[in-house]
Amino acid sequence: MPALGTGNLTLADWAKRLDPDGKVPTIVELLAQTNEILLDMIWREGNLPTGHRTTVRTGLPLVFWRLLNQGVQPSKSTTAQIDEQTGMLEAWSEVDKDLALLNGNINSFRLSEARAFLEAMNQEFAQTLFYGNQGLAPEEFSGLSVRYATTVGAPANADNIIKAGGVGADNLSIWLVAWGDETVSGIFPKGSKAGLIHEDFKEVTVEMVAGLPGSRMRALQERFQWKGGIALKDWRYVVRICNIDISDAFVANATTIIDAMEQASETIPNRLGRPVFYMNRTARRALRKQARLAVKGGGGMTYENFDGKRILMYDDVPIRIVDALLNTEALVP
């Protein structure tokens, strides 16, 4: 039987959320992450109830030089259809009504708890965006890592996987993503709503899973839901710089990250879409050190305005922080 308090706020939880004057404080969110990719993603409604079907060109028609009085054979292009699936991320909050009423400010108390749910949803979605694998977890959508997972066998997107030479188990990746309707975008199911949905069911009677079987209580109930996924319409507009060995990235003569980012910029066919580099804080710190040691001019890095903020840029492409990116990625073969 589940222990009391594992899924519901207790008096101990409530007491930890009060200032000395009995008011609900602003909680310092020590578990909060920065996942700026969620701010950059463009979204489109899918054309399927569970996702989106994309038609891509797989072959061009044959064309010929013709002589007078000689004809040419007709030809055609070829296409293929790809179905992208979305996932349904969901959470419920149930707070004992009498517990919430103790401090006299029920709305502040509930908002304090809701912030934690929103942060958890954001972190889970960002992590799935990179590491989701529908083959192993059917309830998820497949993220970018599983789509750019190997160069063995020369897959079509092998040129968009740049290996930085790491050989150990403390590797990380940097991503270049060019967001656009014709490149890569976030999707939500046909007929549904974009983004995170919040439903407040207010006061309801719930059956407790802890304590005496069949016991009831009046609770303030909320539901959080996010239906989403990604549609990779043109794989050429995503580049993965992988196998960046953390222990090697900070040595004095290391320029691996700068060189790889330069190669990634040249790998994108053209500036169709909105290109953005994504890396975690470890990679960004190593990048800044390498750029500082490379040349006094900053190694091609500048600070410019992007969406009204001064942020780090490389080759006119913004560099954004994603804490969901791991430092312990497996080696990409």
(request) Determine which single condition W92 fails, assuming it passes every other condition in (1) loosely packed, with under 14 Cβ neighbours inside 10 Å; (2) at pLDDT 90 or above. (result) (1)
(request) Could you grab me the full set of residues in region 32-56 that are within 17 Å of V238 (Cβ to Cβ), among the β-branched types (V, I, T) and at pLDDT below 90? (result) I42, T54, V56
(message) Can you say whether E124 is free of Cβ contacts under 8 Å to residues at least 40 places away in the same chain and open to solvent by 40 Å² or more (accessible area, probe 1.4 Å), as far as the supplied structure shows?
(response) yes
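Per-residue answers, yes or no, for (1) open to solvent by 30 Å² or more (accessible area, probe 1.4 Å); (2) assigned to a strand (DSSP E or B); (3) among the basic types (K, R):
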{"position": "E182", "(1), (2), (3)": "yes, no, no"}
{"position": "G186", "(1), (2), (3)": "no, yes, no"}
{"position": "A194", "(1), (2), (3)": "yes, no, no"}
{"position": "V204", "(1), (2), (3)": "yes, yes, no"}
{"position": "L220", "(1), (2), (3)": "no, yes, no"}
{"position": "S247", "(1), (2), (3)": "yes, no, no"}
(request) List every residue pair whose Cβ atoms sit under 7 Å apart, with the two residues 6 or more apart in sequence or on different chains, where the first one lies in region 66-77 and is open to solvent by 100 Å² or more (accessible area, probe 1.4 Å) and the second, anywhere, is of a type in the set (A, V, I, L, M, F, W, C). (result) R66/V72
(request) Filter region 282-302 for residues that are more than 18 Å from G166 (Cβ to Cβ) and either assigned to a helix (DSSP H, G or I) or modelled with pLDDT under 70 (or both) and give the result. (result) R288, A291, R292, L293, A294, V295, K296, G297, G298, G299, G300, M301
(request) Of the numbered conditions (1) at pLDDT below 90; (2) charged (D, E, K, R); (3) more than 19 Å from I42 (Cα to Cα), R240 fails exactly one; give the number of that condition. (result) (1)
(message) Can you tell me which of (1) in a strand (DSSP E or B); (2) open to solvent by 70 Å² or more (accessible area, probe 1.4 Å) is the one P138 doesn't meet?
(response) (1)
(request) Scan region 147-173 and report the pairs whose first residue is modelled with pLDDT of 90 or more and open to solvent by 40 Å² or more (accessible area, probe 1.4 Å) and whose second residue is of a type in the set (A, V, I, L, M) and assigned to a loop (DSSP other than H, G, I, E, B), with Cβ atoms within less than 7 Å and a gap of 6+ or a chain change. (result) A149/V332; T150/V332; K163/V332
(request) Using the structure shown, decide if G211 is open to solvent by 10 Å² or more (accessible area, probe 1.4 Å) and within 30 Å of E113 (Cα to Cα). (result) yes
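Restricting to region 222-238, what's the tally of residues that are assigned to a strand (DSSP E or B) and aromatic (F, W, Y)?
2
The values are calculated or read from the model by the stated rules, or taken from the named source; none is laboratory data. From a predicted model like this one, the values you see are computed outputs, not experimental measurements. Every residue, glycine as well, gets a Cβ built from its backbone with ideal geometry; the counts of neighbours run over all protein chains shown. Please note that ligands, DNA and RNA were not included when accessible areas were found on the heavy atoms of the full protein model with its side chains. Shrake-Rupley method; radii C 1.70, N 1.55, O 1.52, S 1.80 Å.
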